[in-house]
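The values are calculated or read from the model by the stated rules, or taken from the named source; none is laboratory data. A quick note: this is a predicted structure, and the numbers were derived from the prediction, not measured. With ideal geometry, Cβ positions are generated from the backbone for all residues, glycine too; neighbour counts draw on all protein chains shown. Surface areas here come from the heavy atoms of the whole protein model, side chains and all, with no ligands, DNA or RNA. Shrake-Rupley method; radii C 1.70, N 1.55, O 1.52, S 1.80 Å.
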Amino acid sequence: MLKTLLDNDRTFRYLLVAPAVFFILLIGLYPFIKLIIASFQNISLFDDIRSFQGLLNYERLLSDDRLWHSIVRTLLFTAVALPIELVLGYLLAVLFLEKIPFKAALISIILLPTIISPIVAGATWRLMLDQRFGPVNQIISWLAGTDVKLLWTVSASLVWPAILIAEVWQWTPFMFLLLYAALSNVDREQLEAAQIDGASWWMTFRRIVLPAIMPVMFIAVLIRALDLFRVFDLVWTMTQGGPGTATETLSIYAYQMAFREFEISYSAAIAFLVIVLLTVFVVAALRRVEVSR
Amino acid sequence: MNRRDTGWRLWLRFAIALGVTLIFAFPVYWLVAISFKSPEEVYAYPPVWFPQQLDVSSYLTLFRDGDVVAVWNSLITAGISTVLAMLVGTLAAYSIVRFRTGGDHLSIWIISQRMIPPICVAFPIFLLYVSWNLVDSYVGLIMLYTAFNIPYVTWMMRGYIQDIPIELEQSAMIDGLTRWQVLRKVVMPMARGGLFATAVFTFIFAWNDFIFALILSKSEVVTYTVKVTGYFGSQSTFWSKISAMSVLGVLPMFVVVATMQKFIVRGVSMGAVKG
């Protein structure tokens with residue numbers, strides 16, 4: 001009876017969600033509909049023609065090499081950066097599970113990179129990697145014994161390693177924090193029992209540790225994968241997509257098309273494609289969680 | 001686990017942990033160090049690792065030129081939008097949890113809004129703002145950050161509110177409290193930790209935004225992220241300005257995180273478990 005008292009106030013419950021729905025409709029759904037309409041039109045900033053031209057923009061997607069290259073680049077970057085962050089984060093978490101003097105202080109310092117804006121992370125690494133005034137080349141010179149001047153953010157073969165270093169530096173601590181929290185909850189008694197039974201490290205990891213940290217790890221990887229797929233800030237600060245289009249990620253290409261080349265309708269088609277791809281990916285990923293739960 | 005915590009093993013672990021910490025901290029140190037270097041030291045070759053004296057001229061330049069207003073703009077937009085998003089999102093979360101409003105569909109629809117990359121909706125929003133005259137205004141950015149953070153707040157607060165025993169609310173209602181009073185006097189205090197943790201991340205998201213600020217600000221409401229990137233010129237790069245402005249932009253984050261640390265660690269792990 002009391003349950004129904006709480007459950008049964010229609011005006012109240014809709015009143016509570018109304019502002020949220022209003023905001024999301026206004027800034028989420030309205031632009032989205034506008035985007036879909038624009039993608040079938042022929043809008044550019046210079047003439048005010050808004051004629052519909054059917055699927056022309058979508059046909060253009062198929063033959064746009066620059067677009068597909070940017071997608072491949074983004075996926076490759078995600079595929080390289082994510083495992084590195086995951087493994088390094090895991091190793092750090094394992095290390096910090098042990099007794100270490102000044103543990104809390106060290107952890108707070110390690111988390112610094114994750115707190116700062118990606119923009120600042122990019123700027124910081126441009127300072128670090130500057131060919132003349134940066135300490136990285138200086139250290140490499142010491143180790144090599146000769147003067148080394150690597151053009152980190154300029155030369156085509158070094159820009160990706162440079163961005164990768166900054167990315168891994170910024171987000172490994174995030175992985176570390178999540179995995180550390182997850183690992184702290186692994187059942188100690190089970191681990192000890194496994195050790196007494198003489199289970200190998202790999203068996204213990206696969207049978208006890210991995211299942212226990214899986215939910216957290218899955219969400220952490222999903223969050224980072226989505227972030228990496230739309231990476232913009234860090235790359236923009238470090239290279240603006242250059243040299244040429246060497247570091248042009250999907251988001252940067254979309255930005256260039258919309259705000260530099262003013263191909264409004266075409267960029268709308270790109271945006272719609274990206275949203276469709278992401279939706280498919282996320283739905284598939286979340287299905288997996290539901291199943292595994 | 002057998003822990004042999006004595007002697008050299010402990011110190012070996014400490015040495016490794018310290019080394020790793022230094023690697024992660026060094027770039028931050030370098031950024032701060034450059035902001036306190038004199039112009040000669042910034043452009044010294046080989047690079048100077050420790051500034052001879054604390055030279056605050058980089059900061060003085062930022063204050064003299066009025067560039068620091070960008071940090072203020074970030075504070076205003078991120079701060080107000082955080083309060084709004086927390087309010088709107090928490091109410092929605094409460095309704096979704098306690099009344100199952102909209103069933104699963106509403107909550108999934110709300111969280112799916114967060115997935116869309118900002119760049120994808122940037123242009124339609126830009127056009128919308130041009131017609132509403134909201135480009136380059138506080139209201140415009142605040143509305144945008146609020147809207148983009150509502151899904152996150154709703155999703156996170158959903159988890160925290162689920163943890164509050166419904167019996168507490170029921171007995172409060174028997175005592176004659178209205179629904180609003182139950183919300184204010186029972187639910188909000190119970191969800192305090194969750195509110196803080198969520199608010200910190202909401203603030204960070206808004207504070208770190210670059211794409212929207214880049215597109216929607218011209219000269220009046222420039223946030224600090226846009227200002228920092230603006231110093232990168234193709235001909236000359238103003239290292240001292242970049243570093244000083246970055247430090248000013250990062251400082252509020254450090255303060256927020258340091259004061260809220262215990263909520264954050266809990267918030268992160270809970271959010272990850274609850275998803």
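Would you work out what percent of the accessible area of chain B, with all protein chains in place, is carbon or sulfur (probe 1.4 Å)?
66
Per residue, what volume in Å³ does the convex hull of the Cα atoms of the range B:7-55 enclose? Let's see the in-between values first.
Numbers: hull volume 4.5 nm³, N = 49.
Dividing the Cα hull volume of the range B:7-55 by its residue count gives 92 Å³.
With a point put 7 Å past each Cα toward its Cβ, work out how far residue B:50 is from residue A:190 in nm, to one decimal.
Each label point is offset 7 Å from its Cα along the Cβ direction, giving 5.0 nm.
How big is the charge dipole of chain A about its Cα centre, in debye rounded to the nearest 20, if each Lys and Arg gets +1 on its Cβ and each Asp and Glu gets -1 on its Cβ?
Its charge dipole is roughly 380 debye.
Can you run phi through the Karplus equation (6.51, -1.76, 1.60; θ = phi - 60°) for the range A:224-229 and list ³J(HN,Hα) in whole Hz, with x for Gly and Pro?
5, 4, 5, 5, 5, 5
Which one, B:200, A:229, A:141, projects farthest toward the positive side of the charge dipole computed for the protein assembly as shown from Cβ point charges (K/R +1, D/E -1)?
Most positive-ward Cα: B:200.
Obtain the nm distance between the two label points defined at residue A:139 and residue B:174 by a simple spin-label model: each point lies 7 Å from its Cα along the Cα-to-C-beta direction.
The two pseudo-label positions are separated by 6.4 nm.
Enter the angle in degrees (range 0 to 90, nearest 10) between the Cα long axis of helix B:261-274 and the first principal axis of the Cα atoms of chain B, meaning the one along which they spread out most.
Helix B:261-274 sits roughly 60 degrees off the main axis of chain B.
In degrees between 0 and 90, to the nearest 10, how far off the longest principal axis of chain B does helix B:239-259 point, with axes built from Cα atoms?
The answer is roughly 30 degrees.
Amide H to amide H, which residues 5 or more places from residue A:41 or on other chains are under 5 Å from it, using H placed in the peptide plane?
Under 5 Å from the amide H of residue A:41 lie the amide H atoms of A:53, each far enough along the sequence or on another chain.
What residue among A:195, A:41, A:240 shows peak mean-square fluctuation when chain A is described by a Gaussian network model with Cα springs under 10 Å?
A:195
Using only Cα positions of the protein assembly as shown, each an equal point scatterer, no hydration layer, compute I(q)/I(0) via Debye at q = 0.05, 0.06 Å⁻¹ and quote the log10 values to two decimals.
-0.23, -0.34
Am I reading the B/A interface right? What is its buried accessible area, both sides, 1.4 Å probe, to the nearest 100 Å²?
9000
Going 7 Å from the Cα of residue A:97 in the Cα-to-Cβ direction, what parts of the range A:166-194 have a backbone nitrogen less than 20 Å from that spot?
Residues passing the 20 Å test: A:172-194.
Could you work out which residue, out of A:143, A:95, A:164, moves most in a Gaussian network model of chain A, that is, has the largest mean-square fluctuation with Cα springs under 10 Å?
Of A:143, A:95, A:164, the Gaussian network model singles out A:143 as fluctuating most.
Sort B:21-28, A:245-252 by the packing proxy (mean of other Cβ within 10 Å over each peptide's residues), most packed first. Before the final figure, lay out the partial values.
Numbers: B:21-28: 17.5, A:245-252: 22.1.
Top of the packing list down: A:245-252, B:21-28.
What are the ³J(HN,Hα) values, in whole Hz, obtained from phi via the Karplus relation 6.51 cos²θ - 1.76 cosθ + 1.60 with θ = phi - 60°, for each residue of the range A:24-34 in sequence order, with x given for Gly and Pro?
Karplus-based 3J(HN,Hα) across the range A:24-34 equals 5, 4, 5, 9, x, 7, 4, x, 5, 5, 4 Hz.
Take the cross-link list A:34/B:241; A:34/B:218; A:149/B:241; A:103/B:185; B:218/B:241; A:99/B:37 and give me the ones stretching past 29 Å between alpha-carbons. Present the calculation step by step, with values, prior to reporting the outcome.
Values: A:34/B:241 40 Å; A:34/B:218 24 Å; A:149/B:241 24 Å; A:103/B:185 38 Å; B:218/B:241 20 Å; A:99/B:37 38 Å.
In this structure, A:34/B:241; A:103/B:185; A:99/B:37 lie more than 29 Å apart at Cα.
Work out the FRET efficiency for residue A:205 and residue B:15 from their Cβ-Cβ distance, taking R0 = 30 Å, and round it to the nearest 0.05.
Working from the Cβ atoms, E equals 0.75.
On the accessible surface of the range A:66-292, probed at 1.4 Å, how many percent belong to carbon and sulfur atoms?
So the carbon and sulfur contribution to the accessible surface is 68 percent.
Counting Lys and Arg as +1 and Asp and Glu as -1, what is the net charge of the other residues whose Cβ lies under 13 Å from the Cβ of residue A:279?
Combined, the nearby Lys, Arg, Asp and Glu give +2.
With a 1.4 Å probe and every protein chain left in place, work out the accessible area per residue of chain B in Å², rounded to a whole number.
44
For the protein assembly as shown, give the magnitude of the charge dipole about the Cα centre (Cβ charges: +1 Lys/Arg, -1 Asp/Glu; no others), in debye to the nearest 20.
1160
I want to check the label-to-label distance for residue A:262 and residue A:64. Put each point 7 Å from Cα in the C-beta direction and report it in nm to one decimal.
1.8
What net charge is computed for the residues neighbouring residue B:65, neighbours being all others with C-beta under 12 Å from the C-beta of residue B:65, Lys and Arg scored +1, Asp and Glu -1?
Once positives and negatives cancel, what remains is +2.
Quick check on chain A: take the gyration tensor over C-alpha atoms, sort the square-rooted eigenvalues as a ≥ b ≥ c, and tell me if it's rounded (a/c under 1.5), prolate or oblate.
Cα axes put chain A in the oblate bin.
Using a 1.4 angstrom probe, figure out how much accessible area chain A has per residue, in square angstrom, rounded to the nearest whole.
Numbers: 13870 Å² over 293 residues.
Ligands and nucleic acids excluded, the result is 47 Å² per residue.
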